[in-house]
1. Count the net charge of all other residues whose Cβ sits under 13 Å from the Cβ of A343, scoring Lys and Arg as +1 and Asp and Glu as -1.
2. What are the radius of gyration and Dmax of the range 221-347, computed over its Cα atoms and given in Å?
3. How long are the semi-axes of the equivalent ellipsoid of the range 153-204, defined as square roots of 5 times the Cα gyration tensor eigenvalues? Whole Å, largest first.
4. Under a Cβ-Cβ cut-off of 15 Å, what is the net charge of the residues other than A157 that fall near it, where Lys and Arg count +1 and Asp and Glu count -1?
5. Expressed in nm to one decimal, what extension gain is obtained for the pair M355 and I131 from 0.36 nm per residue of sequence separation less their Cα-Cα distance?
6. Collect residues whose amide H, placed 1.01 Å from N in the peptide plane, falls under 5 Å from the amide H of Y318; neighbours closer than 5 in sequence don't count.
7. For I168, I196, what's the fewest-to-most ordering of other Cβ within 10 Å of each Cβ?
8. Calculate the spin-label point distance for E175 paired with A339, positioning each point 7 Å from the Cα along the beta-carbon direction, and give it in nanometres.
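Taken together, the values in this text are just the output of simple stated rules run on the coordinates, not laboratory data. This is a predicted model, so every value here is computed, not measured. Cβ sites come from the backbone with ideal geometry, for glycine too, and all protein chains shown count toward neighbours.
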Amino acid sequence: MSHRRDFLQAGFHIAGGILFTGCSLLRADPPAAGALLKRRLVTVGGKRIRTIDVHAHCIFPATLSSGSAPASTQSAQQVNPENLATRLRKMDEQGIDMQVLSINPTWYGMSRDAVGPFVQTQNEKLAEFCIANKERFTGLATVALQFPDLAAQQVAAGVKLGLRGVSIGGSVNGENLSAPQFNPFWAKAEEMGVLIFMHPQPVPQKRLEGNGALNNVINNPLETTIALSHLIFEGTLDRYPGLKLCAAHGGGYLPSYPERSDHGCTVIPEQCKGPTLKKRPSEYMRQLYFDSLVFSAEGLRHLAAEAGASQIMMGTDYPFPWTTTAVDHILTAPGFTNAQRRAMLGETAARLLMM
Ligand SMILES: [Zn+2]
């Protein structure tokens, strides 16, 4: 019955003003009778697993309508109208016990004076919602990464509110996250031991216009590939080896083609005068984390071969409709042990989220 209570509490939080990406809770329907009976409980090898989706989005209408958000915010977040009841029903059907909510950053262009209260409001609202619905949702703090010292403070403040980590973009106003000015943020995140979820926010490219949604399909994983490559090659991951950094969309293209990264400095040494790395570039994938959003069993097998199954956590991208079979993807891909499946489905996320 506690699930039902949470469900109803979530309904009351409609007035609290959370909006799941394009999903107005102001329009949330009362839970349909019997809806919760359909909840799929996932077991692996006879053991019940709390499944955790580390890649799920939401936004807050209060902050969007405050006028302080960039104009691009709403258009960047538009998907089919949804609501909380629908979200819970889909989670129940798919066997997802918990979503880790993050808000894609659209405030990296805001001034310091404006972005402080903006981020604080978002974090307070997200924390309030997650605490009230803690069986099904937890959240990641948002930060003003264009002011890395402020971002460091906001991570700490967000965790104090009850959030379990931090979400960031793959670059900040054209700056790579390996640039020295971001060191205070990385240092704080490492010191606190929090999960960092990195989600791409690429600048649209003219050549990716046209048929095929390439500004998403290619540009998003490309952004992640570039971001991770700089963090490797500029020595950020050597400087902060304790970072718990998870890249969205299976890490983009990097895990697909890592050996080229290993060969580059051998073939073109004149362009490798930066820091001397402590290990081969491809080996850094074993200290990074990735979501499982790679679609095919072969993709998952390869990601695990490069990074280790211990580095993969289930991700859906909800409410963007990229997959409805994230649980089965992990349950049915051949070649994994039960322990590895349990880790990918939820145990690794639970450990990194300290829950
Ligand atoms: Zn996403």
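1. +4
2. 15.2, 47
3. Semi-axes from the Cα gyration tensor: 21, 13, 8 Å.
4. Result for the local shell: 0.
5. Full-extension gain reported as 79.4 nm.
6. The list, which skips near neighbours in sequence, is H57.
7. Placing the least packed residue first, the sequence is I196, I168.
8. 4.3
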